[in-house]
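The structure appears right after this line, and notes come after that.
The values are calculated or read from the model by the stated rules, or taken from the named source; none is laboratory data. All values reported here derive from a predicted model rather than from experimental measurement. Every residue, glycine as well, gets a Cβ built from its backbone with ideal geometry; the counts of neighbours run over all protein chains shown. Ligands, DNA and RNA are excluded from the accessible area calculation, which covers all protein heavy atoms including side chains. Shrake-Rupley method; radii C 1.70, N 1.55, O 1.52, S 1.80 Å.
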Amino acid sequence: MTVHPRGDREGSYDVRGRFAGVPWHGRFDYELNPAGFHSRDADVPREDATVEGGFVVAPLGADQCTVIHYEQYVLARWLAPLRLLVKAYLHRSMRRELRDLRRLVVSSSASLRSA
């Protein structure tokens, strides 16, 4: 990922990866806010975005929080027959992302406590 800030709270980023094993790349605009992050397709009007997502962090106490992660996709018509398969893949990948994020946060918290 390559990030292109346009200020303290907004910018864009280019990303490359694989979606269900297929090479993929895209550019997204992002906005940071006090509770988290939101991004959407870049270079299109806001209402024409086909991919949007982000997260919100809600504090639960001194050492706990809830992370709400969301994604929204507008699929091309030709992908309609694969909608359920794409949906299942996205749910699985989101669970994996949140599990990885949790692992990172827990290990960082442990490092901070032992320092």
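Taking segment 102-115, which residues are among the hydrophobic types (A, V, I, L, M, F, W, C) and open to solvent by 70 Å² or more (accessible area, probe 1.4 Å)? Outline the logic, then answer.
If we filter segment 102-115 for residues that are among the hydrophobic types (A, V, I, L, M, F, W, C), which is where we start, we get 104-106, 110, 112, 115.
Listed by number, the residues that qualify are Leu104, Val105, Val106, Leu112, Ala115.
Pairs please, first residue from segment 84-102 and at negative phi, second anywhere and assigned to a helix (DSSP H, G or I) and open to solvent by less than 90 Å² (accessible area, probe 1.4 Å), Cβ atoms under 7 Å, 6+ apart in sequence or on different chains.
Partner pairs satisfying both residue conditions: Val86/Leu79.
Can you pull out the residues in segment 1-18 that are surrounded by 10 or more Cβ atoms within 10 Å (Cβ to Cβ) and in a strand (DSSP E or B)?
Val3, His4, Pro5, Glu10, Gly11, Ser12, Tyr13, Asp14, Val15, Arg16, Gly17 - these are the residues of segment 1-18 that are surrounded by 10 or more Cβ atoms within 10 Å (Cβ to Cβ) and in a strand (DSSP E or B).
Only residues that are open to solvent by less than 80 Å² (accessible area, probe 1.4 Å), among the charged types (D, E, K, R) and either more than 22 Å from Asn33 (Cβ to Cβ) or touching a His at 6+ places or on another chain (Cβ under 9 Å) (or both): list them for segment 71-101, please.
The answer is Asp100, and nothing else.
So for segment 72-89 (the condition being of a type in the set (D, E, K, R) and touching a Leu at 6+ places or on another chain (Cβ under 8 Å)), does at least one residue qualify?
Narrowing segment 72-89 to residues of a type in the set (D, E, K, R): 77, 83, 87.
Within this subset, residues satisfying the condition of being touching a Leu at 6+ places or on another chain (Cβ under 8 Å) are 83.
Taking every residue of segment 72-89 in turn, at least one turns out to be of a type in the set (D, E, K, R) and touching a Leu at 6+ places or on another chain (Cβ under 8 Å).
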